[in-house]
Structures are given as structure tokens and as C-alpha cells.
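Everything on this sheet refers to the single structure shown next.
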Amino acid sequence: MGFRHLGMRAGLVTGAAVLLVAGLTGIASASASPKPASGTPQLYPNGTVEQVRQLVQCGGTMYAVGTFTKIRQGASGTVYTRNNIVRFSAASPFTVTSWAPNVNGTVNAIAFNGANCSTAYIGGKFTSVNGRSAGNIAAISTTTGALVTTFAHSANGQVETIASHRGHLLAGGYFTSINGSSSHKYMASLGPSTGKDDGFVNLNISGNYRYCNSSGTRCAAGNATRAYNQQLSHRGTLDLVEGDFTSVGGRPRQQIFMLNLSGTRATVTSWQPTDFNEHCWFSEPFYTRAASWSPDDSIIYTATTGFHLYNWNGSYPLTGICDTAAAFPATQTTVNHRWIDYTGCDSLYSTAADSATAYFGGHERWSQNPNGCDFQGRGGISAPGMEGLSPTNGRLTFNPTRARGLGADDMLLTSAGLWIASDNYNGSNTCGGVSGHAGICFLPY
């Protein structure tokens, strides 16, 4: 079954001066059997399940956030105490720096104000930074690691995602009040200097899901309304947002919507994929966890959980959008999918794309598996932990494998290659067939 781990936020959130991927031909084209770079930091095995939630690059430095207490340099190097946030060089030997803010809870997201790497903006589920009170959102100096007290730092619910756009910090989560404002629930735009709501986002997000099984005998509790994940387009004019809602900006929207960021205020566009009006299994009512853009912003890829349709009759091939990788045109209208690839009822949590390949990560066991659910059906291909699919037809073209764990929670493409954020569940630490990559794997071009 598509295992759903609580509190996870999947996929790429573009919140920094990242070197993007337009024009690159892809890892799959560069090597049939790519090997992960050695020496990258990894989660230190301490007997608990820990996770890297997101990886972001700003300048020549990588930032990793999540739920962890220790980071080891490479497979056998120095072990550093790092509480839920760590910084290291983006190039070999990927040296962990001395920067060590002490965040006392999970950090889900990190962003920077454009190319300015002097301040890191973090969101998550925490109450303090370096012993100073900070509720779920904060700004941290990248020089000293200290809390920036001039930036307001109080949200009344977990912050799941932050992205930076032309002087606005777009924050989403469970909150109904953030930094003194209750005008914009679940998603708000904050000024990078003060942290105050600047009014750029005014969406009136509402609604949530409570599904039952096909016979109505089992029903899940209603999930809380929230904005969960977001991805800026490469041109920076559009923003995809995933979450648990039924109405956004006065328009019916389920699971995902697109914002136009080019005006004086963000507005919901006419892009609306019909597939996400479907109901997946009753225990996984919110299932659209991540999306990514093709380098030219013409195609949108989505990664979902969901197990299978709530009213599935047990026949094959599978139908619907649950536990799939899929591609959609980015046209500003109602759209249908171009292709769907079925994992066979295993969850996907992240995606990224270059010009040659659409990458997806989760805890899936198979690709091209519409004829199986929790087993490898006719035509299914073993592809544990991640897969690379053809942008044209969704067929498997890249299969490096990765330890499944809870699932790859984030993917980040830079001009150097593909970064993958994951966890150490059940001792997971292999990527591309090589051990020593618990939580962080880098597949270079």
C-alpha cells in the first residue's frame, strides 16, 4: 500500500539562487549507470529514524533541513552535531561548515531572498532557534547562525513550504495566523525584511477532504486544510501549489493550482487538470505531494500517493491518478494528462525534470506497473526508490535504484546534477547501488 508518513513535504521548492537546468541533456544521457558522488554529508545512524526534508543551493553552498541531530561527512568521516539544519559546500569535497543554528524541531523548508545568501528563511514545526522563541517560521543569519529578530517569527500552525519571488516570501502551511496577520490563511506573502504580510497573496483557501471507501463502511477523519508544497516556474512568473483544499481564489481547485505572479498581486490561473478531482483510497485523501516544471515551462510533472481509486473494483490495468507519475500541458485552460506511469500502489513524493528526463522519487518498488497493486504485474519493471521517465511518453529510461526507506522527499536539479533528499528508515543508505548516502545523494552530470 502507498505508505503515508505524517508531516512530510515532498518535492522541489525553489527558494534560492539555484543554478537551473535549462539546456542540460540529463543524467540519464550522461551515463547509463551513474554513481553518486562520494563524500557528501549523510545522516548519522543513531538508532532513530531521521530525515532530510529539503535541499537548497544558494551560491556555492548547499543547505539541508529536516529532522536530524547528527551529520557525518561522507561514509566514515567526522560526525557533527547539527539540529535540523546543516550547511556544506556544493562541490567536492562537500565540506560541512561550522554554521550550526540550533532549531528545536522539524524544519520543512528553507529559502533565500533571490541571490542574497545573507539570510536563511526557515519554516517548520519548532518553537525556538538558538534558545530564542520562534514559532514555526524564522530568519537566520548565514554568518552567525543567530535568529534575525527584526523578522517577525510566529505562525500558529506548521509551515510546510517557503519560496522566494522578487522580494516576496511565499509561505504555506497549516497556519491561520502568521506574524501577526490572520488575513491570509494557509498561504501568505511575507516581506523579507520584516516578515510581515505584504498582501501579495490573497487567495481565500478553504475546504478539505473526507473520503470513505466505496461501501461507505470506513471513513478517514478530515485532513486539515493547508498549502503543502510549491514550485516556481523557471521563468519565475508562475507558481504551482499542492495541498488539501477545494477552493482557491474563488475557483474550485483540488489538490493543485497555479498562480500567476507577474502582476501586483498573485492570481489563480485557468490551468486546471481534471484528473485531481478523483478520490483515492479513503485513508489517503490528500495525495498530490509534488510537481515540477520542464526546463521550458511547457510541461508539468506530478508525483502522487493515494494507493488506488477509492472505488477500485480490483481489475487491471489500474486507472486514475493515485500512486503515479504523470505529465500535463501547462496551457492556461482545463487540461488532461499526456501520460501516466503507475508504480503499482506505491507512493511518490518528489519530482524534478531536465530536458531529457523527468525524475520521480518515493518508496516505490516498480515502474510501468499498471497490472499490479502491491505486486509486480505483467510488464512491471523493478525500479526501487526513484525512476527517470521519458518526457515524451512516460516510459522508464533511467533506473539507478535507491534504498526505499520512507521515501525520497525532495529532488533538486542544479547545473551540476541531481540532489535527492531522503531518510534512514530501516537503515536505508544506498543510492545508485552505493552505500553511504543516508538522507543525501548527489548524482552528478
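The values are calculated or read from the model by the stated rules, or taken from the named source; none is laboratory data. Please read all numbers here as calculations on a predicted model, not as lab measurements. Every residue, glycine as well, gets a Cβ built from its backbone with ideal geometry; the counts of neighbours run over all protein chains shown. Calculation scope for accessible area: heavy atoms of the full protein, side chains included, ligands and nucleic acids excluded. Shrake-Rupley method; radii C 1.70, N 1.55, O 1.52, S 1.80 Å.
What to note about this one:
- Separation between Cα centres of the stretch 174-228 and the stretch 241-309, rounded to whole Å: 14 Å
- Only protein heavy atoms count here; on that basis, with a 1.4 Å probe, Arg365 has an accessible area of about 60 Å².
- Between Ser415 and Ala75, the modelled label-to-label distance comes to 3.1 nm, taking each label 7 Å out from Cα in the direction of the beta carbon.
- Extreme residue, positive dipole direction of the chain, given options Ala290, Ile162, Leu413 (C-beta unit charges): Ile162
- The chain, accessible area per residue, ligands and nucleic acids excluded (1.4 Å, Å²): 33 Å²
- Accessible area per residue was computed with a 1.4 Å probe on protein heavy atoms; Tyr287 scores about 0 Å².
- Net charge over other residues, Cβ less than 13 angstrom from the Cβ of Arg365 (K, R count +1; D, E count -1): -3
- For the chain, relative contact order (Cα pairs under 8 Å, six or more residues apart, normalised by length) works out to 16 percent.
- When the solvent-accessible area of the chain is split by element, carbon and sulfur atoms take up 49 percent of it, the probe being 1.4 Å.
- For the chain, built as a Gaussian network whose Cα springs stay under 10 Å, the top-fluctuating residue of Met187, Met386, Met62: Met62
- For the stretch 49-159, the spherically averaged projection of the C-alpha convex hull amounts to 6.7 nm².
- A protection proxy built from the mean count of other Cβ atoms within 10 Å ranks the segments 239-248, 405-414, 264-273, 315-324, most packed first, as 405-414, 239-248, 315-324, 264-273.
- Karplus-derived 3J(HN,Hα), 6.51/-1.76/1.60, for each residue of the stretch 98-104, Hz, glycine and proline x: 7, 5, 8, x, 9, 9, 8
- Normalising the Debye intensity of the chain to I(0), with uniform scatterers on Cα atoms only, and taking log10 at q = 0.12 Å⁻¹ returns -0.93.
- Annotation: peptides 425-436, 350-361, ranked by per-residue average of other Cβ atoms within 10 Å with the highest first, follow the order 350-361, 425-436.
- Reachable lysines from Lys125, criterion Cα separation under 22 angstrom, eight or more residues apart if same chain: Lys70, Lys185, Lys196
- Across Lys70, Lys185, the residue with the most accessible area heads the list, and the full order at a 1.4 Å probe is Lys185, Lys70.
- Among Pro93, Pro41, Pro192, the largest mean-square fluctuation in a Gaussian network model of the chain, built with springs joining Cα atoms closer than 10 Å, belongs to Pro93.
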